[in-house]
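Colleague: Structure provided below as structure tokens; questions to follow.
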Amino acid sequence: MIRRSPAAAERIRKMIEVKNLTKQYGSKLAVNNISFSVGEGEILGFLGPNGAGKSTTMNMLTGYISSTSGTACINGIDILEDPIAAKMHIGYLPEKPPVYGDMTVMEYLRFVYSLKKSKLPRESHLAEICELVGINEVRKRLIRNLSKGYQQRVGFAQALVGNPGVLILDEPTVGLDPKQIIEIRTLIKKLGKNHTVILSSHILPEIQAVCDRIVVISRGSIVANDSTDALAKNMSSDHKLVIRAEGGSEDVKKLLSSIPGMDRVFVNREAEPGVYEYYLEAAQGKDLRREISKKLSSRNYPLLMMKSNELSLEEIFLKLTTGDNYGGVDK
Amino acid sequence: MFAIMKRELLSYFTSPLGYVFVAVYYLFSGLFLFLFTLSYQSANMETVYTGMFFVMMIMIPILTMRLMAEENRQKTDQLLLTSPVSLPRLVIGKFLSAFAILLVCTLIFLVYGLVLSGFAKVNWAIILGNIFGMLLMGSVFIASGLFISTLTENQMIAAVGSIGLNIGFILIDSFASVMPAKFLQELFSSLSFFGKYSQFTLGVFSVSNIFFFLSVIFIFIFLTVRVLEKRRWA
Ligand SMILES: Nc1ncnc2c1ncn2[C@@H]1O[C@H](COP(=O)(O)OP(=O)(O)O)[C@@H](O)[C@H]1O
Ligand SMILES: [Mg+2]
């Protein structure tokens, strides 16, 4: 996968550009003044918990609903000013695949083909898409008789009709089983090679696996926007550890806190009876692993596990989205 | 536009609704023909045409109830409204699908004309004029039904609502007769759908009546577009 630094992304043509986009439902601010852009060929992850405003944003990007204020441009075309021209560049898979149960898969795709006014040779283009998303074996079946996984893929196929430059995918793997999730992920990576993709999810690893860059949204506002690598680096460095030690959690906490250079000690949970799990944070760049081990054994608290805190991306995500300020990530 | 019309027609005939609609229409019109014309040994179909007003009034809402309500319920409107299709074309496509079925229904009157011409002299101009009148009136019901269907996610509500609205169209006449002032009476009777339709059944074709029906169709299509547009701004 090609990863680009944000600086490099600046130089690439912006396929999606969102400026100060806001959506208000009555008194409820669903999306609050968000701005970001996606360069050509980039896969952007749009991450946030349920109700954060992901679908609302995507519905504004695709012209399904209008914004209260702010603009969204697709390939330089404002979606409200020239909706038809802008929509020509968009393939959209909404949260619920917009399929008609009373049509067969091929009838449906031919219908979408004429809706999108595609000029590509119809049958070969549709055959290619069916092959790509893996629905060849159900082409003649009625959509309402297909499993959820297949319906989702038909929805995916629909978004690809006409070969639009921009793909907007709203939680494309929700409700699928793990095998299907991996297939869809692989597919998105493949598509990312010659499409600009926005992919929303409330599941971090999913985004991490396919996206070049992540925008984190919480309660309608953007709380982080950085390359996946930078976000991950920021979060999984040596100075953060998870350990498990046997013994009273209060005593151990006090002991660990007394180590010079230890910034934070957080008792996470009781992992086994009498064994607690701790999150530790040392001052930036400090490696306290030896100290910790010595200190614990000196007081006879057996150290049962120690690893660098790889879950911290999750942790950060939780922090970002629950409102805690987290230095260095918020931009 | 034609893509949408084609999809709707496909859908009418994969569910049996399309067939049932056409069959029931033929059944009623045939029955009326037998009761009001053939049994009197006459070639005058005036009462048949009048009867068809009420048949269309009740039946067309069943044809139109699904058109937008089902899109709203299944969220397939997200596909239509994010495709490069303008709203008027979308709405007209929907309208044309129901109109096509009405057309297939109404053309049965050509067959009835042929049947009657077997034993009486038939005025083809009047038959054609009445087919035209029925199509116009039916189109009003289609446009109003489409409009109501856009307002809800529930097909039943759409059907009942449209029948209610159609009854309202008839009641305009009754309102006219109870209006206290002369000019109000005239205003209401000038809006009478049934009165204008009756003129068709009597063989009177006035341009102003045709224009009246076309305007009403236009207004409802316009309102449907507005509702779709307005929803985006909600
Ligand atoms: N049509 C609507 N009317 C009122 N509130 C809405 C509407 N659609 C969404 N919301 C609210 O806006 C917020 C964002 O919703 P949504 O964009 O669906 O979140 P997400 O997709 O991130 O789960 C939610 O709090 C939701 O309740
Ligand atoms: Mg959502």
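Values in this text are rule-based calculations from the coordinates and carry no lab data. Please read these numbers as outputs of a predicted model, since none were measured by experiment. Positions of Cβ are generated from backbone atoms using ideal geometry, with glycine treated the same way; all protein chains shown enter the neighbour counts.
Colleague: Determine ³J(HN,Hα), in whole Hz, for all residues of the range B:70-82 in sequence, where each value follows from phi through the Karplus function 6.51 cos²θ - 1.76 cosθ + 1.60 and θ = phi - 60°; x replaces Gly and Pro.
Modeller: With coefficients 6.51, -1.76 and 1.60, one gets 5, 4, 5, 6, 7, 6, 6, 4, 5, 5, 4, 7, 10 Hz.
Colleague: Dipole magnitude of the range A:193-297 about its Cα centre, charges +1 at Lys/Arg Cβ and -1 at Asp/Glu Cβ only, in debye to the nearest 20?
Modeller: Details: 15 positive and 15 negative charges, 40 e Å.
With only Lys, Arg, Asp and Glu charged at Cβ, the dipole is about 200 debye.
Colleague: Non-local amide H neighbours of A:ILE16 (under 5 Å, H modeled in plane, Pro and chain starts lacking H): which ones?
Modeller: Residues meeting the amide H criterion: A:VAL38, A:ASN75.
Colleague: Okay, next question. Shape call for the range A:75-223 from the C-alpha gyration tensor, a ≥ b ≥ c root eigenvalues: rounded (a/c under 1.5), prolate (a/b greater than b/c) or oblate?
Modeller: Numbers: a/c = 1.76, a/b = 1.19, b/c = 1.48.
Oblate, because a/c is 1.5 or more while a/b does not exceed b/c.
Colleague: Follow-up. So which chymotrypsin sites (Phe, Trp or Tyr not before Pro) in the range A:67-133 pass both tests, a DSSP loop state and at most 16 other Cβ atoms within 10 Å of the Cβ?
Modeller: Nothing satisfies the criteria.
Colleague: What does the charge dipole of chain B about its Cα centre add up to, to the nearest 20 debye, if the Cβ of each Lys and Arg holds +1 and the Cβ of each Asp and Glu holds -1? List each step's numbers first, then the result.
Modeller: Details: 14 positive and 9 negative charges, 94 e Å.
The dipole of chain B has a size of about 460 debye.
Colleague: Right, something else. Run lengths n ≥ 4 of DSSP H only: what is the helix-derived mean residue ellipticity at 222 nm for chain B, with -39500 (n - 2.57) per run over all residues, to the nearest 500?
Modeller: Numbers: 12 runs with 187 residues, N = 234.
Calculated from helices alone, the mean residue ellipticity at 222 nm is -26500 deg cm²/dmol.
Colleague: Which of the trypsin sites (Lys or Arg not before Pro) found in the range A:84-120 are in a DSSP loop and have at most 16 neighbouring Cβ atoms, other than their own, within 10 Å? Numbers along the way, then the final one.
Modeller: Numbers: sites: A:LYS87, A:ARG110, A:LYS116, A:LYS117, A:LYS119; in loops: A:LYS116, A:LYS117, A:LYS119.
Qualifying residues, ordered by number: A:LYS117, A:LYS119.
Colleague: Let me ask another. What shape does the range A:240-310 have by the C-alpha gyration tensor, where a ≥ b ≥ c are the square roots of the eigenvalues, rounded means a/c under 1.5, and otherwise prolate means a/b greater than b/c and oblate the rest? Write down the numbers at each step before the final one.
Modeller: On the way: a/c = 1.64, a/b = 1.33, b/c = 1.23.
Verdict is prolate for the range A:240-310.
Colleague: Ok, one more. Any chance you could check the Cα centroid distance between the range A:35-49 and the range A:58-76 for me, in angstrom?
Modeller: Their Cα centres are 14 Å away from one another.
Colleague: Build a GNM of chain A with springs between Cα atoms under 10 Å: which of A:LEU132, A:LEU160, A:LEU231 gets the top mean-square fluctuation?
Modeller: A:LEU132
Colleague: As an exercise, use a Förster radius of 51 Å and the Cβ-Cβ distance of B:SER190 and A:LYS179 to find the FRET efficiency, rounded to the nearest 0.05. Walk me through the intermediate numbers first.
Modeller: Working: r = 68 Å, r/R0 = 1.34.
About 0.15, to the nearest 0.05.
Colleague: Now, a different point. Would you please name the chymotrypsin sites (Phe, Trp or Tyr not before Pro) within the range B:34-131 that are DSSP coil residues with at most 15 other C-beta atoms within 10 Å of their C-beta? List each step's numbers first, then the result.
Modeller: Working: sites: B:PHE34, B:PHE36, B:TYR40, B:TYR49, B:PHE53, B:PHE54, B:PHE95, B:PHE99, B:PHE109, B:TYR112, B:PHE119, B:TRP124; in loops: B:PHE119.
Filter output for the range B:34-131: B:PHE119.
Colleague: Please list, ordered by chain and number, the residues whose modelled amide H lies under 5 Å from the amide H of A:LEU304; skip anything fewer than 5 residues away on the same chain.
Modeller: A:ARG244, A:ALA245, A:GLU246
Colleague: Would you kindly derive the ³J(HN,Hα) couplings of the range B:110-118 from the backbone phi angles with the Karplus curve 6.51 cos²θ - 1.76 cosθ + 1.60 (θ = phi - 60°), listing them in order in whole Hz, with x for Gly and Pro?
Modeller: Whole-Hz 3J(HN,Hα) from phi for the range B:110-118: 5, 5, 4, x, 4, 4, 5, 5, x.
Colleague: Which residue fluctuates the most in chain A, going by a Gaussian network model with Cα springs under 10 Å, if the choices are A:GLU131, A:GLU171, A:GLU270?
Modeller: A:GLU270
Colleague: Still on this model: Pick out which of A:ILE243, A:ILE143, A:ILE129 has the largest mean-square fluctuation in a Gaussian network model of chain A, springs linking Cα atoms closer than 10 Å.
Modeller: A:ILE243
Colleague: Among B:THR106, B:PHE169, B:VAL140, whose Cα lies farthest out toward the positive end of the dipole of the range B:83-211, if unit charges sit on the beta carbon of Lys, Arg (+1) and Asp, Glu (-1)?
Modeller: Toward the positive end, the furthest listed residue is B:THR106.
Colleague: Let me ask something else. Quick one: putting +1 on the C-beta of Lys and Arg, -1 on the C-beta of Asp and Glu, what dipole do you get for the protein assembly as shown around its Cα centre, in Debye to the nearest 20? Display every interim value, and only then the final one.
Modeller: Working: 59 positive and 47 negative charges, 120 e Å.
Around 580 debye, computed over the protein assembly as shown.
Colleague: Enumerate the lysines that A:LYS295 could reach by cross-link, defined here as Cα to Cα under 20 Å, with residues fewer than 8 away along the same chain left out.
Modeller: Cα-Cα hits under 20 Å: A:LYS240, A:LYS253, A:LYS254, A:LYS286, A:LYS307.
Colleague: Any lysines with Cα under 21 Å of the A:LYS140 Cα? List them, leaving off those in the same chain fewer than 8 positions away.
Modeller: In chain and number order, the partners are A:LYS148, B:LYS6.
Colleague: How far is the Cα center of the range A:101-165 from the Cα center of the range B:1-51, in Å?
Modeller: 35 Å
Colleague: Once phi is turned into ³J(HN,Hα) by the Karplus curve 6.51 cos²θ - 1.76 cosθ + 1.60 with θ = phi - 60°, what whole-Hz value does each residue of the range B:133-142 show in order, with x for glycine and proline?
Modeller: In residue order, the calculated couplings are x, 5, 5, 5, 4, x, 5, 4, 4, 5 Hz.
Colleague: Just the number, please: percent antiparallel of the DSSP beta bridges in the protein assembly as shown, rounded to the nearest 5.
Modeller: Numbers: 42 of 60 bridges.
Within the protein assembly as shown, antiparallel bridges account for around 70 percent of the total.
Colleague: In terms of the Cα gyration tensor, with a ≥ b ≥ c the square roots of its eigenvalues, is the range B:2-232 rounded because a/c is under 1.5, prolate because a/b exceeds b/c, or oblate? Walk me through the numbers on the way to the answer.
Modeller: Numbers: a/c = 2.13, a/b = 1.35, b/c = 1.58.
It comes out oblate by the Cα gyration axes.
Colleague: Further question: Would you mind telling me the antiparallel percentage of the DSSP bridges in chain A, rounded to 5? Before the final figure, lay out the partial values.
Modeller: On the way: 42 of 60 bridges.
Of the beta bridges lying entirely in chain A, close to 70 percent run antiparallel.
Colleague: Then there is this: Give the order of A:PHE156, B:PHE211 when sorted by the count of other beta carbons within 10 angstrom, beginning with the fewest.
Modeller: Details: A:PHE156 24, B:PHE211 10.
So the ranking, lowest neighbour count to highest, is B:PHE211, A:PHE156.
Colleague: With labels modelled as points extended 7 Å from the Cα through the Cβ direction, what inter-label distance (nm, one decimal) is found for A:LYS148 paired with B:VAL207?
Modeller: Spacing of the two 7 Å Cα→Cβ label points: 6.3 nm.
Colleague: Would you list, by chain and number, the lysines whose Cα falls below 28 Å from the Cα of B:LYS121, excluding same-chain residues fewer than 8 positions away?
Modeller: Hits, sequence-local ones excluded: B:LYS196.
Colleague: A follow-up question, please. Label points 7 Å out from Cα along the Cβ direction at B:THR14 and B:ILE108: separation in nm?
Modeller: Reported label-point gap for B:THR14 and B:ILE108 is 2.6 nm.
Colleague: Another question, if that's okay. So what's the protein assembly as shown giving for Cα Rg divided by 2.2 N^0.38 Å, two decimals? Mind dumping the intermediate values first?
Modeller: On the way: Rg = 32.5 Å, N = 565, 2.2 N^0.38 = 24.4 Å.
That ratio works out to 1.33.
Colleague: Output the pairs from A:LYS14/A:LYS190; A:LYS116/B:LYS75; A:LYS193/B:LYS94; A:LYS28/A:LYS179; A:LYS28/A:LYS189 with a Cα-Cα distance over 28 Å in this structure; if there are none, say none.
Modeller: Numbers: A:LYS14/A:LYS190 20 Å; A:LYS116/B:LYS75 18 Å; A:LYS193/B:LYS94 38 Å; A:LYS28/A:LYS179 38 Å; A:LYS28/A:LYS189 35 Å.
Over 28 Å Cα-Cα: A:LYS193/B:LYS94; A:LYS28/A:LYS179; A:LYS28/A:LYS189.
Colleague: Turning to a different aspect of this structure: Counting only residues 5 or more places away or on other chains, whose amide H sits under 5 Å from the amide H of A:ALA271 once H atoms are built in the peptide plane?
Modeller: Here the answer is A:TYR276, A:GLU277, since their amide H atoms fall under 5 Å of that of A:ALA271.
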